[in-house]
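Notes to accompany the following structure.
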Amino acid sequence: MKILIIGGGGREHAMARAISASKKCTHLFAAPGNPGIAEFATCLNLPIDDHLSIISECQKLAIELVVIGPEVPLVAGLADRLRAHEILVFGPSAAAARLEGSKYFARDFCQRYNIPQPAYARFTDSKQAKAYASKIGPECVIKADGLAAGKGVVVCSTEKQAHHAIDMMLDGAFGDASQTIIVEACISGPEISAFALIDGEDVIWLASARDHKRAYDGDEGPNTGGMGAVSPSPDETSELQNDIIENILKPTAKGMVSDGAPYTGILYAGLMLTNEGPQVIEFNCRFGDPEAQVILPRLESDLLTIIIAHCNHQQHLAEVLFSPDIAITVIMASKGYPGNYQSGSIIKGIDSFTEESGKFIYHSGTGENADGNIIAKGGRVLSVTAIANSYAQARVRAYETVSSIEWSDGFYRTDIADF
Ligand code: GLY
């Protein structure tokens, strides 16, 4: 089967590696891909917002399956357009991807289907938003309704911060995405990311993970897209897994069917384990990044076989087995990230890395210069993963690889999975 992966980050590198390992994969393409993905795939210079070009390239290259990694093309309806051209797609429709594409849709959905979540209200008027924030605060969370490249959430601990965030968003900091905002009550507890494969009402639990969102050690510094992750989450128990499946994942799948927007693909529920049980912080309509870089290396079954079974509405027939081992990934980011950073510095040590059992370097934001050197080309640049039978051993193995990479313009957290 000829397959196209949409995306070019660490998540898509992990997906490309797993899919290309399948005997069913005859040729893998990626758009746009990256130098790491290019080891497994032919990279196509196609903008991922140009849906018509993607469709015509699929027709030209006889691509039979498209696997969509990031949320933006899903929310924009790429899956729907490909399906209309009878191309198999792994990923939800635009109507189903509203679970991530509109924070208000997700909150209203949870309320209608009694899925546990914090108190919230939606606003377009700053005076009313501030009054509500003061009523539920001083701690509260301000969210842009639409997609804002992972930057549209501000956790506030004072009234002043909340008012500032409300003004910033309603004044258009994220364009149309923040013309409507959600003000939410703060809830507390450990966070867990739960991943499931959903086809209508059929829910298959995949794995849990914990992301490390703050930029610096000790959970200090600004929020990022994720500076490292571990799977399974140290909080996962079979009782918790069951609670999440029964009270969050199944009602979500069922509710989307009732709403006439059946969900297909990976559902990533970002949850907080409060004293009252797990509550939804947010839904995402795809694998997490960097969570995919710790979940997929633990998958012992054939990812492509699972995806094909899912696309043919037969996911229940697929074998889905994960190793009980621990995987951790450490993100190496450009100095300055998540603020401004320089691109173009040369990274050494990747070429001499020889992949050994359970150790991987995924490219998140790299490019190649004219001399063929790997260079930094983004905020999060590399995702260094290792697997072992304990958190401590997985840490040792991942940081061994990190130490072998020479990149003076990069930084990383030293405390990923240091439980
Ligand atoms: N790691 C957070 C995300 O993928 O959204």
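Largest first and in whole Å, the equivalent-ellipsoid semi-axes of the chain read 31, 26, 22, each the square root of five times a Cα gyration tensor eigenvalue. Most tightly packed first, judged by the mean number of other beta-carbon atoms within 10 Å of their residues, the peptides 290-298, 233-241, 29-37 read 290-298, 29-37, 233-241. Report note on the peptides 400-407, 105-112, 176-183: ranked by the mean count of other C-beta atoms within 10 Å, highest first, their order is 176-183, 105-112, 400-407.
So if each residue of separation counts as 0.36 nm, and I subtract the Cα-Cα distance between Thr42 and Thr26, what length gain in nm does that give?
Numbers: separation 16, 0.36 × 16 = 5.76 nm, distance 1.19 nm.
That works out to 4.6 nm of additional length.
With one equal scatterer per alpha carbon and no solvent term, the Debye-computed log10 I(q)/I(0) for region 171-278 at 0.18, 0.20, 0.22 1/Å reads -1.06, -1.16, -1.21.
Is region 72-214 rounded, prolate or oblate when judged by the Cα gyration tensor, a ≥ b ≥ c being the square roots of its eigenvalues, rounded requiring a/c under 1.5 and prolate requiring a/b larger than b/c? Please report the intermediate quantities before stating the final value.
On the way: a/c = 2.21, a/b = 1.60, b/c = 1.38.
It is prolate, given that a/c is not under 1.5 and a/b is the larger ratio.
Provide the percentage of antiparallel DSSP beta bridges, counting only those with both residues in the chain; round to the nearest 5. Walk me through the numbers before you get to the answer.
Working: 65 of 80 bridges.
So the antiparallel bridges amount to about 80 percent of the total.
Shown here is the pair-distance distribution of region 1-77: with all Cα-Cα distances grouped in 5 Å bins from zero up to the longest one, the shares run 3, 17, 32, 26, 17, 4, 0 percent. With the highest mean first, a sort of the peptides 191-199, 129-137 on other beta-carbon atoms found within 10 angstrom per residue produces 191-199, 129-137.
Going by Cα centres, region 1-70 and region 153-216 are how many Å apart? Distance between centres, Cα-based: 29 Å. Please state the shape class of region 135-204: rounded when a/c is under 1.5, otherwise prolate if a/b exceeds b/c and oblate if not, all from the C-alpha gyration tensor. It comes out oblate by the Cα gyration axes. In summary, the aspartates and glutamates within cross-link reach of Lys135, defined as a Cα separation below 14 angstrom excluding same-chain residues under 8 places away, comprise Glu159, Glu184. The simple spin-label model puts a point 7 Å past each Cα toward its Cβ; for Lys127 and Asp235 those points are separated by 4.0 nm. The order of Phe40, Phe353, Phe123, going from fewest to most other C-beta atoms within 10 Å of their C-beta, is Phe353, Phe40, Phe123. Hey, if you put +1 on the Cβ of every Lys and Arg and -1 on every Asp and Glu Cβ in region 86-241, which of Ser238, Ala95, Ile187 ends up farthest toward the positive end of that dipole? Value computed over the given set: Ile187. This model, with +1 at the C-beta of Lys and Arg and -1 at the C-beta of Asp and Glu, gives the chain a dipole about its Cα centre of some 500 debye.
Read the figures in this text as sums done on the coordinates, not as results from a lab. Keep in mind that this is a model prediction, so the values were computed, not measured. Here Cβ is always computed from backbone atoms with ideal geometry, including for glycine, and neighbour counts include all displayed protein chains.
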